[in-house]
Amino acid sequence: MSFLRRRKGTDSSKSQNLRCNIVKEDEKNNLYESPRKESYNSKKWSCWDKGLTVNHPVVFVPGIVTGGLELWEGHQCAEGLFRKRLWGGSFGELYKRLEVIREASIKLTDFYMKLIPLCWAQHMSLDNETGLDPPGIRVRPVSGLVAADYFAAGYFVWAVLIANLAQIGYEEKTMYMAAYDWRLSFQNTEVRDQTLSRIKSNIELMVATNGGKKVVVIPHSMGVLYFLHFMKWVEAPPPMGGGGGSEWCAKHIKAVMNIGGPFLGVPKSVSGLFSVEARDIAIARTFAPGFLDKDVFGLQTFQHLMRMTRTWDSTMSMIPKGGETIWGGLDWSPEGSSFNSGAKTLRNNSINNTDQIPNINLANMKNVNYGRIISFGKDVAEAHSSKIERVDLLDSMKADMLANLTNCDIWIEYHDIGDHRIKAVADYKVYTAGSILDLLHFVSPKLMARGGAHFSYGIADNLDDPKYQHYKYWSNPLETKLPDAPDMEIYSMYGVGIPTERAYVYKVTTATDCSIPFQIDTSAEGGSEDSCLKGGVFSADGDETVPVLSAGLMAAKGWRGKTRFNPSGIPTYIREYSHAPPANLLEGRGTQSGAHVDIMGNFALIEDVIRVAAGATGKELGGDHVYSYIFKWAERINLQL
Amino acid sequence: MASVLRFRKLCYVESAVKCTSVGYESFEIDEKLDKKEEDVLSANNFALEINKKRKQPKRQPKEWRCLDSCCWIIGYLCTTWWLLLFFYHCLPVTLLRVPELPGPGVRLKREGLTALHPVVLVPGIVTGGLELWEGRPCADGLFRKRLWGGGSFTQIFKRPLCLLEHLSLHYETGLDPQGIRVRAVPGLVGADYFAPGYFVWAVLIENLAKIGYEGKNLHMAAYDWRLSFQNTEIRDHALTRLKSKIELMYISNGYKKVVAVPHSMGVIYFLHFLKWVETPPPMGGGGGPGWCAKHIKAVMNIGPAFLGVPKAVSNLFSAEGKDVSYIRAMAPGVFDSEILGLQTFERVMRMARTWDSIVSLLPKGGEVIWGNMDRSPEEGHVCDFSKKSHSKTSLTTNNVNNSDVKRGFLVKDLANYGRIISFGKPASVLHSSKLPTADSKEYSRTSTSENFNNFSCGEAWTEYDEMSRQSIQNVAADKAYTTTTLLDLLRFVAPKMMRRAEAHFSHGIAENLDDPKYNHYKYWSNPLETKLSDAPDMEIYCMYGVGIPTERSYVYKLSPNSRCKSIPYQIDNSVHGEDGSCLKGGVYFADGDESVPVLSAGFMCAKGWRGRTRFNPSGIATYIREYRHKPPTSLMEGRGIESGSHVDIMGNFALIEDIMRVAAGATGDEIGGDQIHSDIIKMSERINLGL
């Protein structure tokens, strides 16, 4: 093992970074010479000596939104788009058509502008009842590495990692992109496309053709939950499972390297479901400005988007799990104080260090009630729970259900519920992670009924209860046991140091009938500059999308050692990467970024992945690598293990 | 659209106005219109210069007029060019696309056909895409970009030598050269389009999708078509992947057997696979004797090159043939550019000779199948290049009569198809007894001492450079070669290549198929040296186009110049037969689909495997489906919906319909059994093969 030899000389990660920085400088020079798009593509981890070679096959599991989708069958309006990307890639053909028509026919604008984006939204939507294809439309995931290497032209997702792995000899036969339709609920990908079976068969094939070397799995974002689901599915007996037997994971998987994994959900998904105001949409908007901004949908852009995203079951997989135990109640939260972006020191083994955490910071700040994921009005968000008057939601549910059906031509469930119910929602004032479920059930019963059949958000009291054999629990780490594979390793790798949405301040809009009745109260600002309340959003530490709590808790506490969630004692490692914004424009999206998607271009993370793929264990990487207070927060959480 | 019209009007008005004014002002329009058009600008500068020169001799009106009209022409050309460009960009994308005719998919869907059997597509040679995984510095920035097929070749136009270097394999091993990894593009994109707008599988895929096919029951078995078949397994595990994929599709589609649709060389690749999968490891896939019977419903071979193609001979011998000219047409920049100079062919030949797969396409079965010096199975074939009317009338008469009519036409210089290479026209026509006979095996390559070429030419590119002039002439003196002696010839002119490739392929006929030597993989892709697997329910289709003259044998000559690094032989394009003769430009043509002669495509289905034979012990049913070539009637049809040519047949609606019906569950008898237009049955009767 040549890298071991290398390690003898440099056991501190600092000197490594130093060397790598030098190389990066060289690359910058290259960039100056030829600042073309490809040059970013060819960014290589050139720190490597020749020593590392292909060892374990690698499986990528892309997350939500990043995977490409293509059209296989569509309505009249999508003629000529057969097998063209509807999502991801470059959005090419579709967007081009739009552009061309816009330029050429100014008179007809109104007609086309309405038609084409509507056509797109129509094809991207799923059936509202079943969560599967609507009749006459088949949109399928793109397969192969091209599925998620770039999200849009020049906006890499997996490309940098793939390029670096190829440097040490990986190629198509040793790399596999487990592309799946990220709009579907996890079990439905198997029902409709047999995706899970394909992944199983491909992993078996790769293990067989690479001399019995186990695979290293690298899921990202929602792919983390998807793969968790897969590991349960593959060992469960048919017809519900894949029938791989109880030793399948032990035989086939060396390590699961979760990148930015929302194990316990993301608060962002709540705002997404509640009122479509998450930043994912904002990302989409920057890529396809024509679609979303330019009055394309008229004033009803958001409603259309909401209607589309609400047909996607997968968004419900990321609703915060574990309720108040994990995410905090009305008056407490594991994070306690506000997000402090100043102190960024490496805190390995921070269980010992918890005393040293500067309490001054805590005293300075107002205690932030992160536990209240949604509150109506800023004052409510900050008041103590005893001072808040709440009207019980259930009471108002009993109230008259005669909804005044509006004439809106678009369908969202908000129009099925009456004004007074909207008022009731606002009157309840404050919602924690537990009551948020009630809220969603209240405002969109059909959606939650569909989602409830596929996902569960609780904490299991007794994991041996036979009901937990149902697939809806498989993607919730708090309601499943890890497989019996003591040699496997689980990594939680995520960025820290970026303010991440954690809780929201909402207001009721008094606008027209056909708009969404709730909005984030963007006028709510914190008092001081350090305050973590900005534009109606309370931020905590995280990677811009996933809070540290969700990404790290399972590895820090839930699965650490032999627990009831991890009966065979699979070793877990936390690898945090402190966010450093790109130093200059030429670096593109940064080689030290910690942001949710940009972290895939983080050289330190790529180094870790490559070394594990080449055969290293978590101990050899250096074990835990922690910047945040995750261990301290984990202690505050009263989770029975 | 209104605004466009308005703008166009404006342009016209403007240019009209300008035209009335003094001549040399015309360039101003262009400058106004588009400054980015560098061509326009440079042209204008040119015009300006001429104008400047012109100003001085104002007194000579005649010369003045000449120059003036020159400027006018340049100005007009630039303006029209720019206008055309402008309108091209203004047109909506939908109008630019050739309106697609509704394929049979829509109709069959209405009939109620739905996806039943999973479908595996196996692409042929040249059509599969290749992408770069590791390369030399000259290919920087092309990581995971297409080197071959698919998207645009534009990137590679800029560095043609780099392309040739990366597409070549190692001459000794037939695997990757040091430091270069070029791999097949996986998935349907691997071979749906060869170049933008030039479909290969796309039409078939689209029609299959109409009745419900999608990623989970449609698979493209992409492989690196440059390698020998067994090497695709050794390097990329391509066969193992295909096996696993078929098993997965079989299980996940409710235990429905797979319909395989190989094309061109994919046919013999798949034949190799069928043997490989049932053979025990380590040489085979270990699927066990029942694997094919369990997993495969039908093999629908499109344009099958079962017994090889004569074209491969000319390709290896002198890098000529239509494939090359076809590539040249597709990528003029690569092969005709100044960079390569006059040595294009040599470089291409050097590259092509590193590809083992081309050797797999050499004619198989020797003189028994392809004919000897004086007889060939196609004897009496009438070539009617120009007589379209004749072929039309013959369509109406029935088959037997038709061939009788042809007999009557029997021409003076009978085509000796059996002589696959002859030197000089007389050698191709004369009776064998009059030919000087010499055995090429007598030649020795001991002439290295007199090998002065090597010193003067530096690096040896092709193995021809290692041959002395004397031995080159000896080869030509031998006059005529049949398929059997041809192999000796190739062994003589390119010993290293043949040594490498013959470890992977064999071109003979088996005497005794139970001989244990036939368990070796090099025999698996030769239908005359393997038994079909024991799968009586399986069906084998031979589907190919007929009615296009197809290269069958060649007349060669020594190339005039004895320059360094030139290929010493070339096809004698000056040789033409009389009217009605099959000889044109040094090539004898026979019936076929432009690449594969009918004999090679149809013989196995017509005779070799028909019924229970020693090649087909379990009596697998075979069907011949021929499609008569009809050129596209109008431009709108693109490459034709009734084409029979080797690649274009993939867009033939009749063929697509057959495939879809079988995929949806029909058997060969249900789609109409045999459908024969050519003389294939007669030809195979003439072939004396022990069954």
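Throughout, read-outs are computed from the coordinates displayed, never taken from laboratory work. Model, not experiment: these values are computed from the prediction. Glycine also receives a Cβ, built like all others from the backbone with ideal geometry; neighbour counts cover every protein chain displayed.
Over 21 Å between Cα atoms: which of B:Lys109/B:Lys216; A:Lys200/A:Lys321; A:Lys173/A:Lys254; A:Lys173/A:Lys481; A:Lys423/A:Lys472 fall into that group?
A:Lys200/A:Lys321; A:Lys173/A:Lys481; A:Lys423/A:Lys472
What is the average number of partner chain Cβ atoms found within 10 Å of a Cβ in B:208-215?
Neighbouring Cβ atoms belonging to other protein chains average 5 per residue here.
Can you give the average number of partner chain beta-carbon atoms within 10 Å of each beta-carbon in peptide A:209-218, as a whole number?
Taking all residues of A:209-218 together, the mean is 1.
So, by mean Cβ neighbours within 10 angstrom, what's the order for B:132-144, B:351-363 with the highest one leading?
Going from most to least packed, we get B:351-363, B:132-144.
With respect to the cross-link table entries A:Lys557/B:Lys245; A:Lys214/B:Lys243; B:Lys256/B:Lys531, which display a Cα-Cα separation exceeding 30 Å?
Check vs 30 Å cut-off fails for A:Lys557/B:Lys245.
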